[in-house]
Amino acid sequence: MTATTPARPAPADLWHHYGRNRAATDRTVPSSFFWTWGQDTGPGAELLGALAGRHVADLGSGAARHAAHLAVQHNPAQVDAIDASPAQHAIALDLYSHLAPTLRPVHADVTQHLIDHPDHYDAAYSVFGAVDFADPRRLLPATATALRPGGLFVVATLGHYLTGAPAEPDVVHADIPAKNPDGTAATMRRWVLQEHVWTKLLDEAGFTGITADLLPPATPGPRAADTLLLRACRQP
Ligand SMILES: C[S@@+](CC[C@H](N)C(=O)[O-])C[C@H]1O[C@@H](n2cnc3c(N)ncnc32)[C@H](O)[C@@H]1O
């Protein structure tokens with residue numbers, strides 16, 4: 001008789017509830033692309049350069065609304081909307097299957113997916129996506145590996161905690177409140193780092209031409225936040 005190791009149970013999907021109400025009523029492809037936390041101001045998809053015929057990766061794409069916009073308006077060869085959450089992947093498939101094969105929802109941990117696809121993408125981006133929630137010491141080198149030399153990487157992340165507390169001066173995560181699918185309380189890791197910390201991490205990961213801009217919200221308020229917009233190229 002051979003001993004078998006019992007399968008490890010899948011971790012709870014802490015993104016089960018995210019965007020669910022909107023998905024029930026709004027099935028449109030957004031007509032604009034925003035980077036800011038409020039999704040209502042600032043620069044748009046032009047920061048990704050000309051995308052016609054290009055391969056693009058959305059890291060932590062959620063319902064894939066940003067990716068759908070790119071697929072419809074910017075004529076890329078393919079946009080991979082990568083998300084580890086079964087619920088978010090299912091929502092993306094439900095909303096945007098009709099945009100295949102240009103839009104391709106991919107159900108995967110983004111770091112592993114990027115490691116498995118070296119020199120594959122011309123551009124990669126994250127809008128408060130996996131770059132906020134995966135260990136940057138693994139994710140950023142994996143992104144550099146998956147980009148072609150000279151490929152663009154653009155990240156929108158929090159400029160400070162939503163409580164107003166400042167971003168971290170070192171590479172440390174916070175355990176922030178989250179919800180299990182059954183509604184019970186959980187926590188998840190979020191990396192909210194100061195500009196110089198991100199810049200050093202990007203440099204060490206193999207990026208060049210690194211810039212950081214702080215974008216204020218269009219309207220101040222209790223749910224408003226500054227967006228830290230990071231841009232870099234994979235070393236040619
Ligand atoms: C705040 S949501 C943002 C979703 C989308 N970018 C948007 O703007 O609506 C963060 C997303 O990142 C995904 N995510 C977090 N860590 C991830 C990882 N390691 N691999 C893939 N997706 C991840 C989550 O599943 C979630 O859908």
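The values are calculated or read from the model by the stated rules, or taken from the named source; none is laboratory data. Only a predicted model underlies this, so the values are computations on that prediction, with no experimental measurement involved. Cβ placement follows ideal geometry from the backbone for every residue including glycine, while neighbour counts extend to all protein chains displayed. Side chains are part of the model used for accessible areas, which takes the heavy atoms of the whole protein and leaves out ligands, DNA and RNA. Shrake-Rupley method; radii C 1.70, N 1.55, O 1.52, S 1.80 Å.
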A careful count of residues in the stretch 11-33 that are without any contact (Cβ under 8 Å) to a residue 60 or more places away in the chain, in a loop (DSSP other than H, G, I, E, B) and open to solvent by less than 100 Å² (accessible area, probe 1.4 Å) gives 6
Residues TYR121, TYR125: which one is touching a Leu at 6+ places or on another chain (Cβ under 8 Å) and within 11 Å of the ligand (Cβ to nearest atom)?
-> TYR125
From the option list VAL106, VAL192, VAL197, single residue qualifying as in contact with a strand residue (DSSP E or B) (Cβ under 8 Å, 6 or more places away or on another chain), among the β-branched types (Val, Ile, Thr), surrounded by fewer than 21 Cβ atoms within 10 Å (Cβ to Cβ) and farther than 24 Å from ALA71 by Cβ is VAL197
With respect to ARG148, determine if the residue is in contact with a Leu (Cβ under 8 Å, 6 or more places away or on another chain) and closer than 18 Å to TYR125 by Cβ.
-> no
Would you please name the residue that is farthest from ASP94 (Cα to Cα), looking only at residues in the stretch 50-73 that are open to solvent by 30 Å² or more (accessible area, probe 1.4 Å) and assigned to a loop (DSSP other than H, G, I, E, B)?
-> ALA50
Strands (runs of 3 or more DSSP E) within the stretch 146-236 that include 2 or more residues touching a Pro at 6+ places or on another chain (Cβ under 9 Å) = 147-158, 185-190, 207-215, 227-234
Of the listed residues (GLY151, GLY206, GLY183), the one being away from the ligand (no atom under 16 Å from the Cβ), more than 16 Å from the chain's Cα centre (by Cα) and open to solvent by 30 Å² or more (accessible area, probe 1.4 Å) is GLY183
